[in-house]
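For reference, the structure discussed in these notes is given below.
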Amino acid sequence: MTKTLFLGMDGSTFTILNELTSGANPVMPFMAEIFKKGARGKLLSTPNPLTPPAWVSLMTGRSPGNHGLYDFLKTTEVGGELYTELYSATDCQVEMIWSIASRQGKRVAALNLPFTAPPPRDINGVILPGFIPWKHLRRNTQPKDFYTSLKENLPGFDPKELAWDFEREEKSVQHLTNEERKNWVIYHLPREEQWFNVAKYVLQNENTDLMAVMFDGTDKLQHQIWRFIAPGLEPAEPDPYYDEMREISLKYFSLLDGYLKDLIETAGEDTQVFMASDHGFTTQYEAVRINSYLKEKGYLKYKDNPDPNKSDFLSTVDVSKSIAYCKTSSSNGINIRIARSAGETGVKPEEYKEVREKLIYDLEQLVDKDSGERIITDITVREEAFPGLAMGEAPDLLLTLRDHGFVSTRDELPVVQKLADPIGTHHPEGIFIAYGTGIKKGVVIEDRNIVDVAATLLYSVGLPVPSDFEGKVPTSVFTEEYLKENPIQIGAETLPPVNSATKDMSPEEKQSLLAQLSALGYAE
């Protein structure tokens, strides 16, 4: 059976790729070749197009309402206070493809994929997770001796560059100076090279049936460099800083193109290659301070004397006097407090739908004072956005802003304010690309859903698609001959996930991560 290579590119979008693959001298010549010799189409993300729910859906073939990861942080109310902790693989309520393939005899490798720590105990192959501090990388590597092998055999291996070095990245804030923004791009160049080197090492030494690596610089950089690379945002008279930033930004994409080419060539001619992103990107023009609006409308109350040693939004909320609030910017959601038992504050269960309808109405009244256009263009109730057994963790309302941006949780006015400079934000339309043996050439397929990727990868390695998967194999990608020789099979349901135990992050590491999320606009 054909080997399978998956190349993830966090936040990658055809808005940028189409630009960088066009012209006589494209920035990404190899990607341009892939466009001509492979199949591609838009990949629709999860209802909230965000890293945690989207990548987990890609790895499980299940929607957030079933796998249970909705955000970077989960929030609980205890004794009238709100507390947060980070989501991890232990919060995923369904089985990932790494375990599904492993228990059926396939050897896998998953590199830099978020929420793969702690790794499954039953893995047949290699897990080197992403989205964890470098100090935790060794103990979350599976098998344990793989980390040692990298240190001993891979020249230049540096876990501080490989993983999220929070001590370094916490210095970043969302509103960077020009010099900080330039250094932010430069900082990520060797990091992507580290993951490329590890991926190539795995291809050359591990003999896997399914190898996956995710490059996340595309997302991290686009949040900060969007106005230097996005079509339509070019200034009429570019200044030297714009020219410099555009040059180093395009250098990143040029290097990435080279990494993709090298990995695909290393994998060999008989390999099926799939590329995907968890979401796309677009332009955010304005800040929408949703909690300030909820405060104006009487849904949210702040403490009269908040703890001066705590600056995060959740520590300032007077929970007992609040009905609804947005927990995090990245959630783009509103949670309604329900009184679960006698004596608790919040909305009575029998009044929930009435209060929710009133809240929806009030949110619809937030409009542009000049044009009358609604600021929040779509408001989706939980049972429609996140149906499934894990729906209980989802926000009650999911908001879509007119520019697809993330809301702000800050208690500031005005509620809606134009940004000094446009920034990059997430868009529901990501990318899906297929190339290699059995793949159609030069075709643009219909839009697919992110849950389809897991089904596609399992099919590619010759395994049946689990019957409880929501994702389907996109037959439009494969040639008729290949489908005839390799019919799609539906197999048994998935099994409950089995994860290893691991220690939590220290308070200092957690604060550093929160600072990093703020830098990307996820925790403002």
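In this structure, is residue 322 polar (S, T, N, Q) and closer than 28 Å to residue 180 by Cβ? In short, no.
If I ask for residues that are without any contact (Cβ under 8 Å) to a residue 24 or more places away in the chain and in a loop (DSSP other than H, G, I, E, B), which ones from the range 90-128 would you list? Across the range 90-128, the qualifying residues are 105, 124. The number of residues in the range 451-490 that are among the aliphatic types (A, V, I, L, M), out of contact with any helix residue (DSSP H, G or I) (no Cβ under 8 Å at 6 or more places or on another chain) and more than 19 Å from residue 432 (Cα to Cα) comes to 1. The residues on offer are 193, 247, 234, and the sole one that is part of a loop (DSSP other than H, G, I, E, B) and at pLDDT 90 or above is 234.
Among the residues of the range 129-139, those that are at negative phi and either out of contact with any strand residue (DSSP E or B) (no Cβ under 9 Å at 6 or more places or on another chain) or part of a loop (DSSP other than H, G, I, E, B) (or both) comprise 129, 130, 132, 135, 136, 137, 138, 139. Looking at this structure, is residue 430 at positive phi and touching a residue at least 40 places away in the same chain (Cβ under 8 Å)? When the stated conditions are applied, residue 430 does not pass them.
Just so you know, in the range 314-341 the residues that are surrounded by fewer than 22 Cβ atoms within 10 Å (Cβ to Cβ) and among the hydrophobic types (A, V, I, L, M, F, W, C) include one that is modelled with the lowest pLDDT, and it is 314. Scanning the range 261-291 for residues that are in a helix (DSSP H, G or I), surrounded by fewer than 20 Cβ atoms within 10 Å (Cβ to Cβ) and in contact (Cβ under 8 Å) with a residue 24 or more places away in the chain turns up 261, 262, 266. Against the list (1) assigned to a loop (DSSP other than H, G, I, E, B); (2) aromatic (Phe, Trp, Tyr); (3) within 29 Å of residue 460 (Cα to Cα); (4) more than 18 Å from the chain's Cα centre (by Cα), the condition residue 147 fails is (1). Just one of the listed residues (373, 393, 364) is free of Cβ contacts under 8 Å to residues at least 60 places away in the same chain and closer than 27 Å to residue 64 by Cα, namely 364. If only residues of the range 240-260 that are within 26 Å of the chain's Cα centre (by Cα) and among the aromatic types (Phe, Trp, Tyr) are counted, the one that is surrounded by the fewest Cβ atoms within 10 Å (Cβ to Cβ) is 259. Could we say that residue 48 is at pLDDT 95 or above and part of a loop (DSSP other than H, G, I, E, B) here? It is true that residue 48 is at pLDDT 95 or above and part of a loop (DSSP other than H, G, I, E, B).
Residue-by-condition table, conditions (1) acidic (Asp, Glu); (2) surrounded by fewer than 22 Cβ atoms within 10 Å (Cβ to Cβ); (3) touching a Gly at 6+ places or on another chain (Cβ under 9 Å); (4) at pLDDT 95 or above:
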position: 411; (1), (2), (3), (4): yes, yes, no, no
position: 428; (1), (2), (3), (4): no, yes, yes, yes
position: 436; (1), (2), (3), (4): no, no, yes, yes
position: 446; (1), (2), (3), (4): yes, yes, yes, yes
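Residues that are modelled with pLDDT of 95 or more and not aromatic (Phe, Trp, Tyr) were ranked within the range 292-310; the one that is surrounded by the fewest Cβ atoms within 10 Å (Cβ to Cβ) is 298.
Scan the range 1-26 residue by residue and report those that are in a loop (DSSP other than H, G, I, E, B), within 25 Å of the chain's Cα centre (by Cα) and in contact (Cβ under 8 Å) with a residue 40 or more places away in the chain.
Of everything in the range 1-26, those that are in a loop (DSSP other than H, G, I, E, B), within 25 Å of the chain's Cα centre (by Cα) and in contact (Cβ under 8 Å) with a residue 40 or more places away in the chain turn out to be 10, 11, 12, 13.
Any residue in the range 362-370 that is under 30 Å from residue 229 (Cβ atoms) and either assigned to a loop (DSSP other than H, G, I, E, B) or not assigned by TED's automatic domain parsing to the domain that holds residue 227 (or both)? Yes, because at least one residue in the range 362-370 is under 30 Å from residue 229 (Cβ atoms) and either assigned to a loop (DSSP other than H, G, I, E, B) or not assigned by TED's automatic domain parsing to the domain that holds residue 227 (or both). Hey, does the range 454-461 have a residue that's assigned to a loop (DSSP other than H, G, I, E, B), small (Gly, Ala, Ser) and touching a strand residue (DSSP E or B) at 6+ places or on another chain (Cβ under 7 Å)? Looking for residues that are assigned to a loop (DSSP other than H, G, I, E, B), small (Gly, Ala, Ser) and touching a strand residue (DSSP E or B) at 6+ places or on another chain (Cβ under 7 Å), one finds none in the range 454-461, hence no. Note on the range 317-355: residues that are farther than 13 Å from residue 294 by Cβ and in contact (Cβ under 8 Å) with a residue 24 or more places away in the chain amount to 9.
Filtering the range 31-74 to residues that are basic (Lys, Arg) and crowded, with 24+ Cβ neighbours inside 10 Å leaves only 62. When 138, 103 are screened for being over 24 Å from residue 217 (Cα atoms), surrounded by fewer than 18 Cβ atoms within 10 Å (Cβ to Cβ), modelled with pLDDT of 90 or more and of a type in the set (Lys, Arg), only 103 passes.
The values are calculated or read from the model by the stated rules, or taken from the named source; none is laboratory data. Predicted model, so just to flag it, every value in this text is computed and none were measured. Cβ: placed from backbone, ideal geometry, glycine included. Neighbour counts: every protein chain shown.
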